[in-house]
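First the structure, in the form of structure tokens, and then the observations on it.
The values are calculated or read from the model by the stated rules, or taken from the named source; none is laboratory data. The structure displayed is predicted, hence computed values, not measured ones. Counting neighbours? That spans all protein chains shown, and the Cβs are built from the backbone with ideal geometry, glycine included.
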Amino acid sequence: MIGIPTLVLMGFGVFQVKTQSLALEKNLEKKLRNEALQLSASLSTALFNFDDDTCQAISIAALEKPEIVKIIIRDQGAIYQSHASEDFSGDGRSSETRVIQTPIFFREEKIGELELIATTRLMTLRLAELKRSVVIQIFVLDMVLGAVMALVLMIRFAGPLKALEHESEMIAAGNLDYPIDVSRQDEIGALAANLLTMRDAVREKVVSLESEVQQHEKTSIILKQTTDYIDNILNSMPSMVVTVDDALTITQWNSRAYEITGTSAPDAVGEDLINVVPNLSALKEDIITTIQTQKMVLKTRQPHNREGVKGYEDIAVYPLISKYVNGAVIRIDDVSEHVKMEQMVVQSEKMMSMGGLAAGMAHEINNPLAGMMQNADVVLRRISEDMPASLSAAEAVGIPLSSIRQFMEKRGITRQLESIHKAGIRASQIVQNMLSFARKDYTGRAPQDITQILDQTLELAGSDYDLKKQYDFRSIEVVRNYEEGMPQVLCEASKLQQVFFNIFKNSAEAMQEVGDLTDSPRLEICVSMSGQMVMIEIADNGPGMPESVRKRIFDPFFTTKSVGKGTGLGLSVAYFIITDNHKGRMSVVSTPGKGTRFTVYLPYQAEMP
């Protein structure tokens, strides 16, 4: 009788020791990994700068913790520094030590590795103390139990007690209807009566508990359904939604938050908000104010830069208004596309305004221009042709008309008059090109000669004020390689002019930045057939661009120009016009020092949208 309880106690003691041992090992492992991560973060800047003193100071400070006995810092695989506690010797790899290795990052780039060696002696001592305590407990309990059992065996009523024991076992087994003999009028009978009372009370309690369990099960199902419903609502929202308590600890984290930050909900929930989303540190005071004042805070069009991509977002902080909950809800919406469309609308409105101004300017310029050209033409005709009126006037002043012609030829007056006429024609063409570029096209798509659009755009680029102010476009050698017999392209001419103008402008500005080109600035334009597409290639001999810039050249708001000199929308809009409006393709190839080549493909059998 004594052996079974003893074995049970021993089994419980072994289980307790094993459980505590696993818990201690798990806590030690977790603690060491956290220490390694924190130490790695502390060493990153010092290791990057090869600051020996700082690395040594951080390592020595970490060795003050009793578990850590040795720290090794590696740089590119080689040992950079190694520090050990005074009472530690050896390489650290034994059954009494734990080795934790973790990389050292600086700005997301691995620069080294940290090896942390810790001793398990403290854990071993704790386990030894636990084992001694468990052995003492088992011994004491075993002795007490043995004494009680011995006393019971000394009583003469071993048989009734055996029966009562059986009845108790049946009740314990769940047979609450098992009959109990209460006929005895002695202590055994009283014990049986108490057992009967206990049985009836247990039976009532079991019935009550079964009812409560059923109710709890229903409540749990409803709670689970409600939780899943709320999670589905949050995860289906296109916004990043995060809830925090009054200590700014994350309590809710939706799928959009995971997509933006790369941190999953299990890793984020329970962590400090600023540690998980560092770019929200500027809003820390606003979030605290919202929780304290129960008033919403809204920050619109906040710039952000994720993985080198610039954009804008709206951030709203709402208070959690409840008697049992104190915290806030943070909603973040990416409005980059909205801002982009607004800027494109502004740009479009500017172009429309420019069209109106250009029309007025053309009217004001064309009248005197026409008079100038007409008068220059009349003067040339009166001198070069033998008109009766001219002959009579020359005879009246006593000078032959031929002598007047010779005089004007020798003085270059005739050539100057012809130059006036040619300049007037050129000025008229510039005005017409400007009107064609700026005027909103109400006619939609129409078959167009792509080479004519390119020539008109080149003429317009040569007279553009900003380009001429920064760089003389006419000093660029333009080489045209147009394949003969090209079909017309169904397109909107003004929009294609905008595309080509942006490419010419970017090429000219790029070549202007490199003033010491070995070759003179050169722009080569090729037009040819490529299957069912017309291929337009525009290549320059400028400085080119690195791959990191080339991959993002068509991204909205991306620009390498200084503030105030570019919006980053020109080539983005051009790409949109080609790919979306005209169902074509646009690409760029560039090598630093070897120039840049833009390639545009346009279908010449496109259908009307």
- Being assigned to a helix (DSSP H, G or I), out of contact with any helix residue (DSSP H, G or I) (no Cβ under 7 Å at 6 or more places or on another chain) and of a type in the set (Val, Ile, Thr) narrows it down to one of 136, 58, so name that one. 136
- Only residues in the stretch 280-291 that are among the charged types (D, E, K, R) and surrounded by fewer than 19 Cβ atoms within 10 Å (Cβ to Cβ) count as the first member; pair them with residues that are modelled with pLDDT of 85 or more and assigned to a helix (DSSP H, G or I), Cβ under 9 angstrom, at least 6 apart or cross-chain, and list the lot. 284/273; 284/274
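Quick grid of which residues meet (1) modelled with pLDDT of 80 or more; (2) at positive phi; (3) of a type in the set (Asp, Glu):
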residue	(1), (2), (3)
15	no, no, no
21	no, no, no
29	no, no, yes
37	yes, no, no
52	yes, no, yes
55	yes, no, no
- Tell me, yes or no, whether the stretch 259-271 has at least one residue that is of a type outside the set (Ser, Thr, Tyr), in contact (Cβ under 8 Å) with a residue 40 or more places away in the chain and either touching a Ser or Thr at 6+ places or on another chain (Cβ under 8 Å) or within 30 Å of residue 37 (Cα to Cα) (or both). yes
- Item | Set 289, 263: member being among the polar types (S, T, N, Q) and in contact with a helix residue (DSSP H, G or I) (Cβ under 8 Å, 6 or more places away or on another chain) | 263
- Output yes when any residue across the stretch 106-114 is in contact (Cβ under 8 Å) with a residue 12 or more places away in the chain, more than 33 Å from the chain's Cα centre (by Cα), outside any loop (DSSP other than H, G, I, E, B) and crowded, with 17+ Cβ neighbours inside 10 Å, and no when none is. no
- Could you check how many residues of the stretch 399-423 are surrounded by fewer than 13 Cβ atoms within 10 Å (Cβ to Cβ) and either touching a residue at least 40 places away in the same chain (Cβ under 8 Å) or in contact with a Lys or Arg (Cβ under 7 Å, 6 or more places away or on another chain) (or both)? 0
- Message: Residue under question is residue 50, and the condition is that it be within 30 Å of residue 142 (Cβ to Cβ) and without any contact (Cβ under 8 Å) to a residue 24 or more places away in the chain; does it hold?
- Response: no
- Message: Here is a check on your reading of the model: is residue 490 out of contact with any helix residue (DSSP H, G or I) (no Cβ under 9 Å at 6 or more places or on another chain), surrounded by 15 or more Cβ atoms within 10 Å (Cβ to Cβ) and assigned by TED's automatic domain parsing to the domain that holds residue 452?
- Response: yes
- Message: Looking at residue 438 and the list (1) modelled with pLDDT of 65 or more; (2) buried (at least 19 other Cβ atoms within 10 Å of the Cβ); (3) within 38 Å of the chain's Cα centre (by Cα), which single condition is not satisfied?
- Response: (1)
- Query: In the stretch 217-238, how many residues are at pLDDT 85 or above and surrounded by 12 or more Cβ atoms within 10 Å (Cβ to Cβ)?
  - Reply: 0
- Query: Taking the stated definitions as given, is residue 377 of a type in the set (D, E, K, R) and not in a helix (DSSP H, G or I)?
  - Reply: no
- Those residues that are in contact (Cβ under 8 Å) with a residue 24 or more places away in the chain and within 18 Å of residue 322 (Cβ to Cβ), I need them from the stretch 210-246; list them, please. 241, 242, 243, 244, 245, 246
- Query: Has the stretch 311-321 got at least one residue that is in contact with a helix residue (DSSP H, G or I) (Cβ under 8 Å, 6 or more places away or on another chain), surrounded by fewer than 16 Cβ atoms within 10 Å (Cβ to Cβ) and of a type outside the set (Asp, Glu)?
  - Reply: no
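To keep it simple, each residue is scored yes or no on (1) at pLDDT below 80; (2) loosely packed, with under 12 Cβ neighbours inside 10 Å; (3) part of a strand (DSSP E or B); (4) not charged (D, E, K, R).
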{"site": "304", "(1), (2), (3), (4)": "yes, no, yes, yes"}
{"site": "328", "(1), (2), (3), (4)": "no, no, yes, yes"}
{"site": "337", "(1), (2), (3), (4)": "yes, yes, no, no"}
{"site": "342", "(1), (2), (3), (4)": "yes, no, no, no"}
{"site": "348", "(1), (2), (3), (4)": "yes, no, no, yes"}
{"site": "355", "(1), (2), (3), (4)": "yes, no, no, yes"}
{"site": "359", "(1), (2), (3), (4)": "yes, no, no, yes"}
- Quick check: is even one residue across the stretch 199-209 touching a residue at least 24 places away in the same chain (Cβ under 8 Å), assigned to a helix (DSSP H, G or I) and among the charged types (D, E, K, R)? yes
